[in-house]
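The values are calculated or read from the model by the stated rules, or taken from the named source; none is laboratory data. Everything quoted here is computed from the prediction, not taken from an experiment. Cβ atoms come from the backbone with ideal geometry, glycine included; neighbour counts cover every protein chain shown.
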Amino acid sequence: APPHRPSLMAPLPGAIEVRDVGGSRGRAVFARRAIACGELLLTERPLLACQSPDRAQARHALILEVYTAAPSAIRRLVLDIVPCGLDEDHPRVLAAAAFASGCGACGVASEEIRAAILAFELTAFQLCPGGPAGPPRSHAVFEVLSKFNHACAPSAEWRISQASSKAGSEALLYAARGIAAGEEITISYLGHKGFMSAAARGRWLYDTHAFRCACTLCSAGVDELRRVPCPRCQLRLAGRTTGRAASGGVDLACAAPQLPEGIWRCKNCGGRWREDAFLAACGVSEAEETALGEDVVEYVAAVRADCFHDTPDTARYQELQGSVATKLGCRHWASAYLELSCLDHLAMTLHSLRDAGALSRGGALLPQVVSLLNALTSKTRRAVEYFRLALSSHLAVSMLWEYVWNSAVTLLVFRRFEDALFLFLLVEPHLSMFAAYVFEALGADEGLACLRSYIRKCRERDPSSTREVLFHFVYAGVVHTGGLCQAEVEHFRAVAGRMLEHGQPLLAGLMYNGLRRSLASIEGDRARQEFEAQLHDDAARCSPAARGAAGARARSARAAAPRAVARARQRALPQACASHPRARRAEWPRPRPR
């Protein structure tokens, strides 16, 4: 990460401290003692927070507004986290300087405005991801958290906790592994972009944070996430891979770049290429590879930002999947990352089919359902295997656990016990170690109880109904945030309703109850009381008893439908007979006397 300016900050209480390391590195955060895996290292509230629109000029204006409105003590702390040693020709640095030069009338020096903008632009953390209809995207800067350096395989993990609406958002930092005394503590700025190759991560970090990553994962070994079918070993037609190279063969021969020199090597044939020569032999330019990767990241982000679990744009998915698989192969990070967006879609499709009663015929699952279950099982296992080989096992599981959990719960609901058990046991160590953080929306005890009950059901092959808990990364924020405006409260009430329809009553109930924290935004006492009563009724519909009664009514209605159709046909039969031309007795021929 870009180094930070020297500071007079006193040693922090507890397990960590900020040190000046001298030279061009500035400051870093170190462990004062040995730290155990899972230990909470830091709880911190933001110094300042503001919305983050896409346009730089609008973003800079909002930063300036919140900065100038802050007390002088807060402003000094914000300036203290500005990185030093920046590339003065970086687009973000130039844009901040250009904006600051035109703000002479605001009473703040242009250099101070430039520094405040860069503090937000380069060290802020995302509070809310935003979405097409939900709260806008927002970021915040922190006195200590913003000083941690980045590593693609970090020793600590952070998350934004919103469990206290009165206190506002808080950042939690906990050890992702054991940390030795005196060791520098690092975090990842990437989020789910950690699934990208070293080259793609490096471009994103430079574009957004203005530094070039030199961590061990980016500077040594083989870039396993950038494997492409070898042009010598695999057949290509008009620059496109075919057969197993595109669909995924176990014995697929791939080449990957050696870090840091970037020489591509294939273990199968021993081939060696410079980067430009290798991509040319594959019929793919570096610009085309970059563009495909950016398209995939944009698509997956759009799917993940939709907390309704609406059906994604399947046409766009198929278009991207075809382009990436045939041009870069199934072992490239873009192919594997794109497949992750398919897992939630498969799970929600299965739940939707179950809610509609379109699962079985004659006691056997429909072929469509069996095909979806097989696809969910194979894709989840393949994703875990791929990223565990390309990254460390711990890092892969910590990034994939939500996908694995959702797949496992879905398989359990459909009584695929062995497949579900394999996935639950895969993530059990991680979830048990970090239960307080990963189960924040449910609570650690509730989450671990769910996990244990699911594993028991799988082992005992228990066919009784299962309470489904499916996770999405925005649930905790919506449940606990508070402070939403009236339009946002109404919007997320609709979200919770759709979650309830899609078989997620527990999290829907948590969302309904969480939205009560924002009732102060409802204008008018009567309207506020009515809305609170509606939320209370909505939450009551999520209780196990209400869901059981609703399910019984739905089953009864489905069973009664064929009988109602038969009765209607029976009632209509005399009229139909009477209207038939040959049914009129007057026209019937009289029987002849014998």
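Quick look at the numbers
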{"read-out": "Helices (runs of 4 or more DSSP H) contained entirely in the stretch 467-530, each with at least 2 residues that are modelled with pLDDT of 75 or more", "value": "486-501, 505-515"}
{"read-out": "Test: residue in the stretch 419-434 that is at pLDDT 85 or above, in contact with a helix residue (DSSP H, G or I) (Cβ under 9 Å, 6 or more places away or on another chain), of a type in the set (Ser, Thr, Tyr) and in a helix (DSSP H, G or I)", "value": "yes"}
{"read-out": "Ile63 being touching a Leu at 6+ places or on another chain (Cβ under 8 Å) and crowded, with 21+ Cβ neighbours inside 10 Å", "value": "no"}
{"read-out": "Boolean, Tyr206 is surrounded by fewer than 23 Cβ atoms within 10 Å (Cβ to Cβ), out of contact with any Gly (no Cβ under 6 Å at 6 or more places or on another chain), under 28 Å from Asp20 (Cβ atoms) and aromatic (Phe, Trp, Tyr)", "value": "yes"}
{"read-out": "Some residue of the stretch 270-290 being touching a His at 6+ places or on another chain (Cβ under 9 Å) and modelled with pLDDT of 90 or more", "value": "yes"}
{"read-out": "Those residues of the stretch 276-301 which are outside any helix (DSSP H, G or I) and surrounded by 15 or more Cβ atoms within 10 Å (Cβ to Cβ), in sequence order", "value": "Gly283, Val284"}
{"read-out": "Residue within the stretch 402-412 that is within 17 Å of the chain's Cα centre (by Cα) and surrounded by fewer than 21 Cβ atoms within 10 Å (Cβ to Cβ) present", "value": "yes"}
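So that you can scan it fast, the table gives a plain yes or no per residue for (1) at pLDDT 90 or above; (2) touching a Leu at 6+ places or on another chain (Cβ under 6 Å); (3) assigned to a helix (DSSP H, G or I):
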{"site": "Val370", "(1), (2), (3)": "yes, no, yes"}
{"site": "Leu373", "(1), (2), (3)": "yes, no, yes"}
{"site": "Thr377", "(1), (2), (3)": "yes, no, yes"}
{"site": "Arg381", "(1), (2), (3)": "yes, no, yes"}
{"site": "Glu385", "(1), (2), (3)": "yes, no, yes"}
{"site": "Leu389", "(1), (2), (3)": "no, no, yes"}
{"site": "His394", "(1), (2), (3)": "no, no, yes"}
{"site": "Glu402", "(1), (2), (3)": "no, no, yes"}
{"site": "Ala408", "(1), (2), (3)": "yes, yes, yes"}
